[in-house]
Amino acid sequence: MSKIHVSTTVNGDPVDFLCDPRETLLDCLRDKLALTGAKEGCGTGDCGACSVEVDGRLVCSCLMLGAEANGKEIATVEGIADGDTLHPLQEKFIDYAALQCGICTPGILVAAKNLLEKNPDPTEEEVRYWLAGNLCRCTGYDKIIKAVMDTAADMREAS
Amino acid sequence: MRYHTPASFDDAIAIAAQAEGITRFLAGGTDVLVQLRSDLVTPDDLIDIKQIPGTHDIVQNADGSWTLGIAVSGAEMTEHAGLCAAWPGLVEGMDLIGSTQVQGRATLVGNLCNGSPAADSVPGMMAAGVTVTVMGPNGTREVAVEDIPAGPGRTNLAKGELIAAVNIPARGENGGDAYQRFIPRTEMDIAVVGVGVSLRLDGDIITEARVALGAVAPTALMVPDGAAALIGSTLDDAAKARLAAAASAACNPIDDKRGTIEFRTDVAGVLACRTAQRAYDRAQGKKVAKHV
């Protein structure tokens, strides 16, 4: 079976890869580009552990083919920090201990960052609905929600 | 599996018409990829129609009607102030599907063609009188949304046919619509019952109404007796009682883990009245919050 040549941009860097038409964007990120931040939790778009941005839009990378990434701008959790300087969300997740096993964390960071870029002052209800597609089975959601709310407050103050 | 990215609907139809094995059209992919990954459906030809010009556009026409491209996502609909103001019920039905991530990709046409009786966007489209433009090897036709589903997982589209656009009527004056569903959770679940209502008022009197039910029969249903119960009334208690009876009478549901036949039948009546009230309030220009 012939492979498809995909030219895309990941975290600002131009990237080319060859993929089978059945491979998802998640497969391509993890197996071809060694970007293993996005996780496969369910593989069916229910858990959000594979969340990435495509042209600024939050999506599950398990629900998109690698071939569909051609010409798109992909942003993953690996692009959130600025070198060694963590993103404010990452700092707050550490401060609040908003993770335990960490499998869901990359997806939640990507989703929360996408929310705060669209809405710098969300209500708690808005944060909870926005993150309803990111499942966490150990921390419980309170610390995560508090970390996002507090980050939003800090970022508003800083801006 | 061959992956195609045709540049026109004619090319997409030609590929589908010549294909010998299983064909799937790909827009948002939120159902197609799940079926692919779980080995339920492995297409021989997967035809990605998102690169066709116009498929991402939300256009309001000169007569006030709307034309939506087949790749417009739920998130793009929810972010479109004009569309939300005109057809809040249609948009809220779409918006209830899945998570933020799913909203980033999922489409009205995908929800319709996946053929689930519980598809949340479908009763709202039916109530609004939405049609779809069907193109195929034998030409183009305009089909009412309620005539697309044939049963669970099946549509009335013929081989090589696809949906090329979604046509939403002009809202016009003194109109309102709403969609509500019952689920055991608050978010991210499949409808046990879904109700779409669209109506128009003259003063306090309902002059036009359309009522549609989801998840209570093999396909979403129009309920003409429910519409007749509303027309001529001010949505008083007697009209609501007639609407509830008509909605329950239209049900032909299954028993499953989400709800029994008896429960679905009863809830359809209750929810039809609540949804009609929301549509009525909107027609009167009152602000009605979504997700209630």
Check your understanding: Hey, does the range A:95-109 have a residue that's within 13 Å of chain B (Cβ to nearest Cβ), among the β-branched types (Val, Ile, Thr) and in contact (Cβ under 8 Å) with a residue 40 or more places away in the chain?
Key -> yes
**Study point:** Residue match in the range A:34-53 (condition: part of a helix (DSSP H, G or I) and either farther than 24 Å from residue B:6 by Cα or of a type in the set (Gly, Ala, Ser) (or both))
**Key:** no
Practice item. Sort out which residues of the range B:156-184 are closer than 22 Å to residue B:251 by Cβ and either touching a Leu at 6+ places or on another chain (Cβ under 8 Å) or within 14 Å of chain A (Cβ to nearest Cβ) (or both), and write them in order of number. Key: B:177, B:179, B:180, B:181, B:182, B:183
Practice item. Just name the residue that is surrounded by the fewest Cβ atoms within 10 Å (Cβ to Cβ) out of those in the range B:1-21 that are of a type in the set (Val, Ile, Thr) and away from chain A (no Cβ under 13 Å). Key: B:15
Point to revise | Criterion (more than 20 Å from residue B:1 (Cβ to Cβ) and more than 8 Å from chain B (Cβ to nearest Cβ)) met by exactly one of A:66, A:56 | key: A:56
Point to revise | Candidates A:124, A:117, A:91 - the one that is more than 18 Å from the chain's Cα centre (by Cα) and at pLDDT 95 or above | key: A:124
Check your understanding: Can you name the helices (runs of 4 or more DSSP H) wholly within the range A:64-159 that have at least 2 residues being out of contact with any Gly (no Cβ under 7 Å at 6 or more places or on another chain) and of a type in the set (Gly, Ala, Ser)?
Key -> A:142-158
Practice item. Please state which one of B:192, B:145, B:166, B:211 is over 19 Å from residue B:132 (Cα atoms) and buried (at least 22 other Cβ atoms within 10 Å of the Cβ). Key: B:192
Practice item. Take residue B:171 and decide whether it is in a loop (DSSP other than H, G, I, E, B), modelled with pLDDT of 95 or more and surrounded by 18 or more Cβ atoms within 10 Å (Cβ to Cβ). Key: yes
Study note, to complete from the structure: Of those in the range A:25-53 that are more than 12 Å from every other protein chain (Cβ to nearest Cβ) and touching a Pro at 6+ places or on another chain (Cβ under 7 Å), the residue surrounded by the most Cβ atoms within 10 Å (Cβ to Cβ) is A:39
Practice item. Evaluate the range B:24-36: report whether one residue or more is more than 30 Å from residue B:175 (Cα to Cα), touching a Phe, Trp or Tyr at 6+ places or on another chain (Cβ under 6 Å), of a type in the set (A, V, I, L, M) and within 14 Å of chain A (Cβ to nearest Cβ). Key: no
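The values are calculated or read from the model by the stated rules, or taken from the named source; none is laboratory data. From a predicted model like this one, the values you see are computed outputs, not experimental measurements. Positions of Cβ are generated from backbone atoms using ideal geometry, with glycine treated the same way; all protein chains shown enter the neighbour counts.
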